[in-house]
Structure formats: structure tokens, C-alpha cells
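Reading through the C-alpha cells given below for one structure.
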Amino acid sequence: MALTHDAGSSRTAAGLTLALASAASFGLSGALARGLLDTGWSAGAAVTVRVLIAAVVLVVPGALALRGRWHLLRDNAGLVTVYGIAAVAGAQLCYFYAVTYMQVSVALLLEYTAPVAVVVWLWLRHGHRPSGLTVLGGLLALGGLALVLDVVSGAELSTAGVLWALGAMVGAATYFVISADESNGLPGISLAAGGLVVGAVVLLVAGGTGLLPFDHSTDDAVYDGFTVPWWVAVVALGLVTAALAYVTGIAAGRRLGSRLASFVALGEVLAAVLWTWALLGELPRPVQLAGGLLVLAGVVVVKLGEGRAPLLVEPLPEPDPVPVPVPASEGGAESLSARPGA
């Protein structure tokens with residue numbers, strides 16, 4: 001029993017470490033991309049190059065991880081396609097369009113209601129009813145998120161912007177649910193590689209058809225007090241904020257479960273604030289720091305709720321009765337089949 005508990009604690013600790021690494025990596029993308037956007041890059045071009053580089057980097061390791069079991073990819077082709085369209089390309093495209101209609105902070109807040117969507121999905125689809133602590137932790141985390149984004153100062157809402165942001169939320173929730181599913185047999189890095197390849201194709205098609213502007217520049221990327229060659233920023237976007245972020249995120253989800261992993265991922269917003277401070281010189285306000293503490297408190301409460309929630313396991317079907325021959329009596333009685341309780 002002690003060994004099982006220690007193994008579970010070690011798995012959770014590793015999952016939390018990976019989830020925080022993923023959140024920090026994803027959170028870097030905004031500040032890193034700003035240096036490119038300010039020199040004339042369009043958001044569509046930056047996002048597409050980011051996903052494309054990550055796909056190229058991970059496609060070989062993802063294929064090797066299959067160890068010749070290509071049937072896993074064939075059997076899960078639909079899942080990988082949904083992951084690439086919804087969790088990779090869809091979430092980013094929807095968020096891009098959302099910020100054209102509304103403030104970035106409001107769009108980000110709506111997208112990061114994804115943990116609530118995950119809880120509701122697990123409840124309705126799998127019967128995993130959230131505990132009171134899970135609900136309380138979710139409310140604390142969302143309240144802290146609102147403070148981090150400084151939404152309390154008031155913001156105008158656009159119907160179109162809200163719908164696009166909710167589309168991004170669906171994409172993010174899809175990412176958490178699929179990433180945490182180990183039943184498909186796909187190695188995490190193979191799932192990430194496949195999803196990124198599909199996402200890259202979708203984004204390239206969107207750019208080729210004019211849905212996304214593909215403006216770019218070869219000027220140096222400018223940050224607070226320093227510049228770097230444009231290709232350095234582009235490579236960092238692909239390797240760190242996509243390849244590393246998706247692989248660690250999937251690994252975290254498989255150790256923590258989609259519900260807890262999605263709440264820990266709220267740390268991405270706090271990470272984005274800190275990266276913006278470091279790279280762009282935009283200092284976080286005290287209210288944002290307080291919000292970050294609330295987010296962390298919410299994650300802790302969610303974890304406590306996970307510990308108390310009962311594990312729901314589908315009952316195994318009872319085996320069919322196996323016929324057992326019974327020696328016939330001298331009077332020629334027929335053989336009887338064994339049955340439960342006989």
C-alpha cells in the first residue's frame with residue numbers, strides 16, 4: 001500500500017512539473033511573437049510558422065515512438081485529425097479572430113474557461129461529478145484569472161468576439177481532454193506530432209485561401225532593450241512555445257488527468273504576464289500578482305477535490321454461465337448447466 005501511494009505521489013509530482021513547464025512554454029508565445037508582430041509580421045504568419053516548425057521537429061521522434069505500430073496511427077486517425085483541427089489550429093485561429101473584435105484580456109479570459117468546460121464534459125459524458133472542493137477551486141482560479149487579466153476595470157463585449165473566443169475555449173478544452181486519454185495507445189509525442197502536422201496543413205490552407213494574412217519581415221525582432229535576428233525568434237516560437245509546450249502538456253495530462261491538468265494550465269496566463277514583464281518591460285500590477293496567487297490557490301483546492309472524489313469504474317459484465325456436465329443419474333436424468341447460485 002505504501003509503495004502504491006509513493007508511486008502515485010511521484011506520478012502527480014512529475015505531472016505537476018510537466019504541466020508548469022508546458023504553461024511556461026505556452027505563456028512565452030505572446031511576448032516572443034510581439035517582437036515579430038511589431039516588425040510587420042501578421043499573427044497568421046507567426047502562428048503558422050510556429051506550428052510548422054514544431055511539426056517538422058516532432059514528426060521523426062513521433063514516428064520512432066510508434067516502433068513500427070503504424071496501426072495505432074491508422075486506428076486513431078480521426079482522433080489525431082480532431083486534435084490537429086480543434087486543439088492546435090482551431091484554438092489559435094479562433095483566438096486570433098477573437099482579438100480582432102475585443103480586448104485581448106477578455107478574449108483570453110473567455111478561452112480559459114476551458115477548465116470549466118472540461119469538468120462539465122467529464123460530468124455529462126463520463127459521470128465524473130465534481131466534488132464541492134473542485135467547484136470551489138474552479139471558482140477561485142477563474143476569479144484569480146480575472147484579476148490577472150485586469151478585467152475588473154471594465155471591457156466592452158462584442159458578440160462576434162465572444163463567439164470566436166468561445167470557439168477557442170472549445171479548442172483548448174479538446175486539447176485537455178484528448179491529451180489526458182491514454183486508452184488510445186498512442187505515445188504522447190506521436191499524438192503531438194500528428195496533431196501539429198494536421199494543424200500546420202490546416203493553417204497553410206487557411207493562408208493559401210486568404211483566410212489568414214501571411215505578412216512577414218526579415219527585420220530584427222525588437223524587445224525591451226535588445227534585438228535578435230528574426231529567425232531566432234521564429235525558431236524559439238516553434239521549438240519552445242509549440243514543440244516543447246505540446247509534448248510536456250500531453251505528458252502532464254496523462255499523469256494528472258484532464259481536469260487537474262486544465263486547471264494547472266491556468267498558470268499560462270500568469271506565465272504570460274511574467275514573460276511580458278521580462279521581454280517587453282511591461283510590469284505586472286499588484287492586482288495581477290494577487291490574481292496569480294488566487295489561481296495557484298484554486299489549483300491546490302482542485303487537487304484536494306480530486307483526492308476526495310470517488311473513482312468511478314464501469315462494472316465488468318458478468319461472464320456467461322459455462323455449461324458443466326452433470327453425470328446422469330440411474331433414472332436417466334438430463335444434464336444440468338451450472339448457473340450463478342446453483
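Residues in the range 46-54 include at least one that is in contact with a helix residue (DSSP H, G or I) (Cβ under 8 Å, 6 or more places away or on another chain), at pLDDT below 90 and not aromatic (Phe, Trp, Tyr).
Is at least one residue of the range 203-216 crowded, with 23+ Cβ neighbours inside 10 Å, assigned to a helix (DSSP H, G or I), out of contact with any Phe, Trp or Tyr (no Cβ under 9 Å at 6 or more places or on another chain) and touching a residue at least 40 places away in the same chain (Cβ under 8 Å)? It would help to see each step written out before you state the result.
To start, the set of residues in the range 203-216 that are crowded, with 23+ Cβ neighbours inside 10 Å comprises 203.
Filter once more, so that each one left must be assigned to a helix (DSSP H, G or I): 203.
Going one step further and asking which of them are out of contact with any Phe, Trp or Tyr (no Cβ under 9 Å at 6 or more places or on another chain), we end up with 203.
Now drop any that are not touching a residue at least 40 places away in the same chain (Cβ under 8 Å), which leaves 203.
There is at least one residue in the range 203-216 that is crowded, with 23+ Cβ neighbours inside 10 Å, assigned to a helix (DSSP H, G or I), out of contact with any Phe, Trp or Tyr (no Cβ under 9 Å at 6 or more places or on another chain) and touching a residue at least 40 places away in the same chain (Cβ under 8 Å).
Residues of the range 219-254 that are among the hydrophobic types (A, V, I, L, M, F, W, C) and in contact with a Ser or Thr (Cβ under 7 Å, 6 or more places away or on another chain): ALA221, VAL222, TRP230, LEU237, VAL240, LEU244, ALA245, ILE250, ALA252. Summed over the range 257-306, residues that are in a helix (DSSP H, G or I), over 17 Å from the mean Cα position of the chain (by Cα) and acidic (Asp, Glu) total 1. Based on what the data block shows, is VAL57 surrounded by fewer than 21 Cβ atoms within 10 Å (Cβ to Cβ) and at pLDDT 90 or above? Criteria met by VAL57. Considering ASP181, ASP150, the condition of being at pLDDT below 90 and under 19 Å from the mean Cα position of the chain (by Cα) is satisfied by ASP181 alone.
Looking only at the range 275-289, filter to residues that are within 12 Å of LEU32 (Cα to Cα) and in contact (Cβ under 8 Å) with a residue 40 or more places away in the chain; which one of those is surrounded by the most Cβ atoms within 10 Å (Cβ to Cβ)?
Taking the range 275-289 as the starting set, the residues that turn out to be within 12 Å of LEU32 (Cα to Cα) are 275-280.
Next cut, in contact (Cβ under 8 Å) with a residue 40 or more places away in the chain only: 275-276, 278-280.
Numbers: TRP275: 21, THR276: 19, ALA278: 13, LEU279: 19, LEU280: 18.
Restricting to residues being within 12 Å of LEU32 (Cα to Cα) and in contact (Cβ under 8 Å) with a residue 40 or more places away in the chain, the top hit is TRP275.
Only helices (runs of 4 or more DSSP H) whose full extent lies in the range 50-107 are considered here, and the ones with at least 1 residues that are closer than 18 Å to LEU28 by Cα are 91-98.
Of the conditions (1) closer than 16 Å to VAL247 by Cβ; (2) modelled with pLDDT under 90, ALA206 clears all except one; give me its number. Going through (1) closer than 16 Å to VAL247 by Cβ; (2) modelled with pLDDT under 90 one by one, ALA206 breaks only (1).
If the condition is being at pLDDT below 90 and farther than 25 Å from VAL49 by Cα, then the range 76-108 contributes only VAL106.
With respect to (1) of a type outside the set (S, T, N, Q); (2) within 30 Å of LEU18 (Cα to Cα); (3) surrounded by fewer than 20 Cβ atoms within 10 Å (Cβ to Cβ), the lone exception for ILE189 is condition (3).
The values are calculated or read from the model by the stated rules, or taken from the named source; none is laboratory data. From a predicted model like this one, the values you see are computed outputs, not experimental measurements. Cβ: placed from backbone, ideal geometry, glycine included. Neighbour counts: every protein chain shown.
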